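Worksheet: one structure, shown below.
Derivation of every value follows stated rules applied to the coordinates shown; laboratory data play no part. Since we're looking at a predicted model, the values are computed, not measured. Methodologically, a virtual Cβ is constructed for each residue, glycine included, from the backbone with ideal geometry; neighbour enumeration extends over all protein chains shown.
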Amino acid sequence: MTRSPEARAAVSDVDCTGQQALITGSTSGIGRAAALALARLGADVIIHGRDKRAGEALLEEITDAGGTATFVQADFADVDAVSALAETVRAETDGLDVLVNNAGGFFREGRVTALDVEYTFHVNHLAPYLLTSDLLEHLRPGARVVTTASAAHQAADLDLERTRHLEGYSGTWAYSHSKLANVLFGAELDRRLEEHGRDVTSNSLHPGAIPGSGFSRFLPGPLPRLLKPFDALPGVTSVADGAAALCFAAVSPRLEGVSGRYFSEQRLGTPSATARDRECARRLWTYSADVLGIDEPLASLGQAAETG
């Protein structure tokens with residue numbers, strides 16, 4: 001019998017009754033499996049995705065099994081849709097215990113969004129940055145913010161100027177760069193939460209290389225077809241394993257109070273030197289707020305004093 005994600009994460013006995021969890025990108029892949037797992041643990045799960053039919057199907061599966069869930073449709077390339085998602089969460093819950101920033105993808109073709117920003121960077125980084133900002137005051141004490149990154153972040157250095165044009169566009173570089181942004185974001189969020197005395201943790205993770213997650217459909221040429229046979233091979237991370245990594249970070253008692261870390265699946269990992277660079281993290285944080293046209297969330301207390 002296949003072990004469930006919660007069993008693989010050793011959290012099957014964790015009681016999430018009364019907890020509210022938002023998992024973005026949860027209509028497919030590891031997000032979907034994690035949503036089902038947290039619902040089985042008793043959490044009230046907010047499902048998010050672009051595909052209404054897939055979201056409603058997952059909603060039905062959870063409720064038929066006796067769980068509680070809500071589906072909210074939102075396109076992460078649309079700033080207004082992300083803000084509306086946050087508004088819905090605030091309106092329909094009295095607080096959030098778990099925020100899993102999982103939505104994202106690999107995009108072969110270069111394009112820009114309405115913000116004149118490269119699409120991958122917008123969807124994979126700016127959208128979760130905005131969503132988290134909009135939900136900061138809705139996070140309950142002890143809440144956890146989990147951001148799905150990737151070991152691919154090690155292939156990029158921070159180049160914010162390159163996010164503003166498509167010259168020499170590379171889908172591989174854009175993805176790696178956005179995942180670097182995810183790791184930097186998770187670490188900087190931790191530092192700012194601590195500075196402001198917030199009892200909320202922030203960690204990022206690499207869920208594993210998961211052909212079965214649907215990621216391979218974004219790859220060029222014949223690669224999606226060639227990778228499909230590897231889904232069932234021993235040693236290849238499964239969707240259940242990837243979902244287990246999300247569950248581990250989201251609810252494992254072992255991570256209570258643990259923050260500012262990067263995990264590779266369920267093990268503590270070491271991100272790249274660039275991902276550990278605090279100045280890079282600060283630049284990314286300020287740049288992201290500027291591009292989105294919002295006040296810098298959790299502005300540095302020292303900075304606030306200087307400008308006050």
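Among residues belonging to the range 113-126 that are within 20 Å of Ala156 (Cα to Cα) and touching a Phe, Trp or Tyr at 6+ places or on another chain (Cβ under 7 Å), point out the one that is surrounded by the most Cβ atoms within 10 Å (Cβ to Cβ). Let's see the steps before the verdict.
Here is the first cut: in the range 113-126, the residues within 20 Å of Ala156 (Cα to Cα) are 117-126.
Those still in the list that are touching a Phe, Trp or Tyr at 6+ places or on another chain (Cβ under 7 Å) too: 119-120, 123, 125.
Numbers: Tyr119: 21, Thr120: 29, Val123: 23, His125: 26.
My answer is Thr120.
Within the option set Leu136, Leu130, Leu59, being in a helix (DSSP H, G or I), in contact (Cβ under 8 Å) with a residue 60 or more places away in the chain, surrounded by fewer than 22 Cβ atoms within 10 Å (Cβ to Cβ) and aliphatic (A, V, I, L, M) holds for one residue only, Leu136. Gly31 falls short of the stated requirement of being within 18 Å of Asp78 (Cβ to Cβ), buried (at least 22 other Cβ atoms within 10 Å of the Cβ) and within 18 Å of the chain's Cα centre (by Cα).
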